[in-house]
Amino acid sequence: MGGGALAADPLPALDAHAQYTVSGVSSGAHMAVQFHVAHASLVKGAAAIAGGPYYCARGNFWTAYYSCRAPGWFTPLPSLESLVAATERLA
């Protein structure tokens, strides 16, 4: 038996690297939000389920551990207005 190997036609270029979507649940949602903000020019959309908002911890470990991880009466989430303002300022 001889002959050359058969080859399939090449696949078309899809330009898949131009746009991404990210998603996650719980800690994965935190990561999806962070990735979306950090790489906004590449990310087409994000789905964050049961995760915290961007900049919730505001750079503070204890805020991240208590307020963002398990908000409650003594450890509330930061106000939406303050998070939106910080996100716009950092953009």
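When you scan the stretch 77-91, how many residues do you find that are within 13 Å of Ala57 (Cβ to Cβ) and either open to solvent by less than 80 Å² (accessible area, probe 1.4 Å) or touching a Phe, Trp or Tyr at 6+ places or on another chain (Cβ under 6 Å) (or both)?
So the first thing to find is which residues in the stretch 77-91 are within 13 Å of Ala57 (Cβ to Cβ), and the list is 77-78, 82-83, 86.
After this cut, where a residue has to be either open to solvent by less than 80 Å² (accessible area, probe 1.4 Å) or touching a Phe, Trp or Tyr at 6+ places or on another chain (Cβ under 6 Å) (or both) as well, the list is 78, 82-83, 86.
The total comes to 4.
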In the stretch 42-53, which residues are buried (at least 18 other Cβ atoms within 10 Å of the Cβ) and in a loop (DSSP other than H, G, I, E, B)? Gly51, Gly52
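Out of all the residues in the stretch 56-72, is one or more among the hydroxyl-bearing types (Ser, Thr, Tyr), open to solvent by 50 Å² or more (accessible area, probe 1.4 Å) and within 17 Å of the chain's Cα centre (by Cα)?
Step one: of the stretch 56-72, the residues among the hydroxyl-bearing types (Ser, Thr, Tyr) are 63, 65-67.
Cutting the leftovers down to open to solvent by 50 Å² or more (accessible area, probe 1.4 Å) gives us 65-66.
From the residues that got through so far, the ones that are within 17 Å of the chain's Cα centre (by Cα) too are none.
Checking the stretch 56-72: not a single residue is among the hydroxyl-bearing types (Ser, Thr, Tyr), open to solvent by 50 Å² or more (accessible area, probe 1.4 Å) and within 17 Å of the chain's Cα centre (by Cα).
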Out of the residues in the stretch 1-28 meeting the condition of being modelled with pLDDT under 80, outside any loop (DSSP other than H, G, I, E, B) and aliphatic (A, V, I, L, M), tell me which one is most open to solvent (accessible area, probe 1.4 Å). Ala16
Just for the stretch 31-47: of the residues that are modelled with pLDDT of 90 or more and closer than 18 Å to Ser67 by Cα, which one is nearest to the chain's Cα centre (by Cα)? Val33
Ser67 passes all but one of (1) closer than 21 Å to Ser82 by Cβ; (2) of a type outside the set (Val, Ile, Thr); (3) touching a residue at least 12 places away in the same chain (Cβ under 8 Å); (4) in a helix (DSSP H, G or I); which number fails? (3)
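The values are calculated or read from the model by the stated rules, or taken from the named source; none is laboratory data. Predicted model, so just to flag it, every value in this text is computed and none were measured. With ideal geometry, Cβ positions are generated from the backbone for all residues, glycine too; neighbour counts draw on all protein chains shown. What goes into the accessible areas is simple: the full protein's heavy atoms, side chains included, and nothing from ligands, DNA or RNA. Shrake-Rupley method; radii C 1.70, N 1.55, O 1.52, S 1.80 Å.
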